[in-house]
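I have placed the structure first, in the form of structure tokens, so that the comments after it can refer back to it.
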């Protein structure tokens with residue numbers, strides 16, 4: 001590679017002289033927080049649409065979800081660059097450094113959730129119509145609502161540095177794991193009337209939603225680290 005790679009603008013632009021250098025630290029940190037919330041909004045919509053496509057076996061909607069995944073990837077790259085520029089231009093204090101660290105983890109987690117929405121959409125395209133099991137469908141609808149809500153709480157908790165809200169996200173996310181076990185039990189019930197291919201795919205959809213909730217739990221658990229520097233622990237804090 002000849003010379004340094006420019007990050008944006010003209011081909012010869014110096015990447016060590018980014019356009020955002022004129023912004024103060026507070027403005028740039030607010031931009032990172034806002035970017036995380038905006039990315040989360042896009043990703044949560046992707047999950048909801050993917051589950052809608054699964055429930056209705058709407059191949060057109062599934063295709064749209066998959067096509068929109070590129071926008072999620074672009075937002076990850078934008079946030080990565082924003083965080084890089086804050087490190088480059090300013091000398092953030094410990095609290096801001098912790099937020100930047102968790103912010104990058106959050107952006108990567110949200111990109112993974114976008115990939116899970118794509119996986120659900122692909123399953124919606126692959127199963128035959130008319131083979132659904134109402135009991136399993138009902139559990140998946142509840143899982144989707146809980147997973148989306150817990151992820152929204154987790155990202156809002158990070159943006160607000162609200163450790164209590166982060167703990168709420170972790171607790172809600174844990175209920176999704178229990179619902180996955182309900183789906184598995186229903187799918188293994190030999191008396192279920194439904195297409196076996198659909199039933200098998202439904203377990204995968206439920207597993208993807210549980211992974212959405214797992215990401216929510218991890219993000220919620222990292223808020224206390226931003227606020228206090230307390231190391232991240234994967235198990236929820238005990239209730240008082």
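The values are calculated or read from the model by the stated rules, or taken from the named source; none is laboratory data. All values reported here derive from a predicted model rather than from experimental measurement. We place every Cβ from the backbone using ideal geometry, glycine too, and count neighbours over all the protein chains shown.
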Name the single residue that is farthest from the chain's Cα centre (by Cα) among those in segment 199-214 being over 17 Å from residue 57 (Cβ atoms) and surrounded by fewer than 24 Cβ atoms within 10 Å (Cβ to Cβ). 207
Quick check on segment 35-68: of everything there that is outside any helix (DSSP H, G or I) and at negative phi, which residue is farthest from the chain's Cα centre (by Cα)? 58
Which listed residue is within 25 Å of residue 75 (Cα to Cα), modelled with pLDDT of 95 or more and surrounded by 15 or more Cβ atoms within 10 Å (Cβ to Cβ), from 180, 165: 165
Residues in segment 190-198: is at least one crowded, with 21+ Cβ neighbours inside 10 Å, farther than 22 Å from residue 108 by Cα and modelled with pLDDT under 95? yes
Does residue 129 satisfy the criteria of being part of a helix (DSSP H, G or I) and out of contact with any strand residue (DSSP E or B) (no Cβ under 9 Å at 6 or more places or on another chain)? no
Matching residues in segment 126-147 - criterion: being under 20 Å from residue 63 (Cβ atoms) and surrounded by fewer than 15 Cβ atoms within 10 Å (Cβ to Cβ): 126, 128, 129
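The rows are residues; the columns are (1) more than 18 Å from residue 221 (Cβ to Cβ); (2) within 22 Å of the chain's Cα centre (by Cα); (3) surrounded by fewer than 21 Cβ atoms within 10 Å (Cβ to Cβ).
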position: 70; (1), (2), (3): yes, yes, yes
position: 77; (1), (2), (3): yes, yes, yes
position: 94; (1), (2), (3): yes, no, yes
position: 101; (1), (2), (3): no, yes, yes
Need the failing condition index for residue 114 against (1) outside any helix (DSSP H, G or I); (2) surrounded by 18 or more Cβ atoms within 10 Å (Cβ to Cβ), just the number. (1)
Looking at residue 158, is it assigned to a helix (DSSP H, G or I) and either in contact with a strand residue (DSSP E or B) (Cβ under 7 Å, 6 or more places away or on another chain) or crowded, with 20+ Cβ neighbours inside 10 Å (or both)? yes
